[in-house]
Amino acid sequence: MAIESIRLYNTLTRKKEVFKPIRKDRVGLYTCGPTVYNFAHIGNLRTYIFEDILRRTLEYAKYDVRHVMNITDVGHLTSDADTGEDKLEKEAAHEGKTVWDIARFYTDAFTSDIARLNIKKAKNLVPATRTIENQIALIHELFKKKYAYETTQAVYFHVPKFKRYTRLSRQKLNEKIIGAREKVITDPEKKHPADFVLWFKSVGKFKNHVMRWPSPWSEGFPGWHIECSAISTKYLGQPFDIHTGGIDHINVHHTNEIAQSEAAFEKPLAKYWMHGEFLLIDAAKMAKSEKNFITLNTVIQKGFNPLAFRYLVLTAHYRSKLNFTWKSLESASHSLEKLYEFIRELKTKKGSGVKKSDMRMHSVVEKEFRMSVFSDLDTAGALVNIWDLVRAYHKNPEAYNPKTILDILYDFDKILGLGFKNVKSETIPAPILKLAMLREQYRKNKKWEEADKMRQELQKHGYTVEDTPEGPRVKRV
Ligand code: AMP
Ligand code: ZN
């Protein structure tokens with residue numbers, strides 16, 4: 001049973017709304033997946049982290065989340081407006097591999113990236129090329145309802161016939177609706193410039209397109225948007241609860257998905273639409289086409305824990321831009337290490353049963369944390385709640401049971417995914433412990449000079465000793 005209300009910003013209404021699932025206790029969540037022609041950059045990964053926080057928050061609230069994500073392995077052209085080359089076929093030629101190899105390689109790279117970031121994998125991770133039949137059936141439906149038409153080159157969705165086309169984007173149809181990057185209209189038979197491709201025929205520039213399937217409209221391959229309409233409906237039905245992606249999807253991809261699905265089945269596609277803001281670099285959007293992108297491998301090669309990047313993403317609200325700098329990553333890494341250190345400290349202490357003050361604190365802290373995440377996924381606020389807890393503990397450690405604090409942190413980490421449970425208590429080598437014990441003996445005997453020498457010796461080996469009410473504690477500097 002879900003208990004509290006979660007408020008989420010719905011792009012469709014431009015308002016924060018109380019989340020009410022269509023079916024009691026169950027949530028259908030569709031998140032647009034990667035185009036697998038290259039490594040994901042950390043901007044893409046920011047969007048997947050936001051979606052992961054959303055999923056985990058819903059699960060924390062006891063909803064049974066059915067999460068579906070597509071893998072775009074065909075049909076996404078170098079321009080979102082149906083012009084240019086197929087991204088995968090272009091990369092295959094560039095790398096001298098088959099297009100299937102490219103798809104497999106970068107799909108694996110994607111799943112390994114998300115695993116390293118503690119992003120939960122969708123229950124159904126569905127490549128577009130596995131649902132061609134469903135996509136053809138959907139296009140067929142659009143023909144029946146007279147939303148689709150055929151030219152020598154392709155099958156199109158006729159936009160002016162779908163009256164609610166700009167409901168999500170709130171743009172004017174004669175404004176920039178077909179994607180900022182479109183430069184040329186390549187098909188003279190196209191009825192309206194906003195019409196978008198449902199099916200590319202293997203003719204003209206696509207004569208040698210490797211990925212191709214038979215269809216009622218000649219051999220070819222699907223347009224980019226139809227896969228998401230077909231996959232979401234197949235796995236989640238229509239309407240389903242929440243559909244997400246990066247903000248660049250609002251004007252083209254999601255607008256087109258809505259048009260296809262709602263025209264075909266005459267009911268809404270999804271109830272809530274949520275969009276993550278961009279990760280910037282030097283104040284510009286990080287994008288594969290701009291060559292300004294950083295991958296997770298680079299982050300790791302530079303010596304960072306991938307979860308430091310996750311921490312950095314959580315410091316900003318998902319609807320705010322976040323400018324990436326190596327300095328900001330360093331500072332996130334430092335904060336995360338401090339939290340890990342705090343967890344190690346708690347682990348070394350023995351709990352002494354739950355105290356009354358503990359119980360009170362537990363419910364207050366938990367309430368604040370839930371208030372943060374349940375109010376449109378305020379992860380920055382949630383981190384502040386955690387640091388408040390760390391400070392409260394350090395101010396008066398006697399008042400708390402370390403075990404309770406640990407349990408609270410583990411509980412919060414079900415949403416934050418910062419790997420708190422995997423923090424190993426550091427094993428201090430025996431010779432180091434011996435030095436620390438010697439120092440303690442000297443101290444007890446008031447031999448301050450010798451005790452100091454031991455401290456210096458420890459420092460030489462990269463350790464320091466802290467005198468706590470429970471006795472000395474050795475830790476790494
Ligand atoms: P793609 O693989 O290009 O289809 O993009 C995958 C996801 O990343 C989509 O949801 C995009 O909206 C999102 N995205 C692309 N660039 C950025 C960026 N710089 N910051 C955040 N998300 C992005
Ligand atoms: Zn999509």
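Here, each number is a calculation from the coordinates, and none is a lab measurement. Small disclaimer: the values here were computed from a predicted structure and weren't measured. Please note: Cβ atoms are built from the backbone with ideal geometry, for glycine as well, and neighbour counts cover all protein chains shown.
As an exercise, identify the trypsin sites (Lys or Arg not before Pro) in the range 313-422 lying in DSSP coil whose Cβ has no more than 15 other Cβ atoms within 10 Å.
Of the trypsin sites (Lys or Arg not before Pro), the ones in loops of the range 313-422 whose Cβ has at most 15 other Cβ atoms within 10 Å are Arg319, Lys321, Lys350, Lys355.
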Pairing the Cα long axis of helix 226-236 with the longest principal axis of the chain, what angle in degrees results, from 0 to 90 and rounded to the nearest 10?
60 degrees
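Answer rounded, prolate or oblate for the range 63-202, using the Cα gyration tensor with square roots of eigenvalues a ≥ b ≥ c: rounded when a/c is under 1.5, else prolate when a/b is larger than b/c, else oblate. All intermediate terms of the calculation are to be shown ahead of the outcome.
Numbers: a/c = 1.80, a/b = 1.43, b/c = 1.26.
Because a/c hits 1.5 or more and a/b exceeds b/c, the range 63-202 counts as prolate.
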Take the range 1-97, drop everything but the C-alpha atoms, weight them equally and run the Debye formula without solvent; then report log10 I(q)/I(0) at 0.13, 0.16, 0.19, 0.25 Å⁻¹ to two decimals.
-0.63, -0.82, -0.98, -1.32
May I have the pair-distance distribution P(r) for the range 7-276, computed from all Cα-Cα distances with 10 Å bins from 0 and rounded to whole percent?
7, 31, 37, 21, 4, 0
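Could you check what % of the DSSP bridge pairs in the range 7-276 are antiparallel, to the nearest 5?
45 percent
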Hydrodynamic calc, the chain: Kirkwood Rh from Cα pairs, then Stokes-Einstein at 37 °C with viscosity 0.692 mPa s, so D in µm² s⁻¹ is 131 µm²/s
With r as the distance between the Cβ atoms of Asp64 and Arg167 and R0 = 25 Å, compute the FRET efficiency 1/(1 + (r/R0)^6) and round to 0.05.
0.30
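Sorting Thr404, Thr295 on the 10 Å Cβ count, fewest up front, what's the list? Could the numbers behind the result be given before it?
Details: Thr404 20, Thr295 17.
With the fewest neighbours first, Thr404, Thr295 line up as Thr295, Thr404.
Compute the Cα gyration tensor for the range 149-273, then decide on rounded, prolate or oblate, letting a ≥ b ≥ c be the square roots of its eigenvalues: rounded whenever a/c is under 1.5, prolate when a/b is larger than b/c in the other cases, and oblate in all that remain.
Here the range 149-273 falls in the oblate category.
Do the sum for the chain: with -39,500 (n - 2.57) for every DSSP H run of n ≥ 4, divided by all residues, what is the mean residue ellipticity at 222 nm, to the nearest 500 deg cm²/dmol?
Values: 14 runs with 198 residues, N = 477.
Computed mean residue ellipticity for the chain: -13500 deg cm²/dmol.
Students often check this: by mean Cβ neighbours within 10 Å, which of 157-169, 40-52 ranks highest, and how do the rest follow? Mind showing how you got there, number by number?
Details: 157-169: 17.4, 40-52: 24.8.
Per-residue Cβ counts within 10 Å, averaged per peptide and sorted highest first, yield 40-52, 157-169.
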Gain in length, Ser289 to Thr111, computed as 0.36 nm per residue apart minus the alpha-carbon separation, to one decimal in nm?
61.9 nm
Quick calc: nm separation of the 7 Å Cα→Cβ label points for Lys144 and Arg391 -> 6.2 nm
For the range 296-422, go through all pairs of different Cα atoms, get the mean of 1/r, take its inverse, and jot down that Kirkwood value in Å.
15.5 Å
How compact and how long is the range 430-476, expressed as Rg and Dmax of its alpha-carbon atoms in Å?
9.6, 26
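Please list 232-245, 426-439, 97-110, 19-32 highest first by mean number of surrounding beta-carbon atoms within 10 Å per residue. Please report the intermediate quantities before stating the final value.
On the way: 232-245: 22.1, 426-439: 14.6, 97-110: 17.4, 19-32: 18.9.
Averaged packing, sorted descending, gives the order 232-245, 19-32, 97-110, 426-439.
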Sites Arg344 and Glu450, calculated FRET efficiency, Cβ-Cβ separation with R0 45 Å, nearest 0.05
0.95
Of the listed pairs Lys207/Lys291; Lys144/Lys201; Lys15/Lys321; Lys271/Lys291; Lys120/Lys421, those with alpha carbons more than 24 Å apart are Lys207/Lys291; Lys271/Lys291
Round to the nearest 10 and give me the degree value, 0 to 90, for the angle of helix 99-116's Cα axis relative to the longest principal axis of the chain.
30 degrees
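Which loop GluC sites (Glu not before Pro) in the range 241-330, with loop taken from DSSP, have no more than 16 other Cβ atoms within 10 angstrom of their Cβ? It would help to have the intermediate numbers written out before the result.
Values: sites: Glu257, Glu262, Glu266, Glu277, Glu290, Glu330; in loops: Glu266, Glu277.
When the GluC sites (Glu not before Pro) of the range 241-330 are filtered for loop state and at most 16 Cβ neighbours within 10 Å, Glu266 remain.
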Once the Cα atoms of helix 255-265 and of the chain are each reduced to a long axis, what angle between those two axes, in degrees from 0 to 90 to the nearest 10, is obtained?
60 degrees
Taking 8 Å as the Cα distance limit and 6 or more residues as the minimum spacing, I'd like the relative contact order of the range 430-476 as a percentage.
32 percent
How big is the antiparallel share of DSSP beta bridges in the chain, given as a percent to the nearest 5?
50 percent
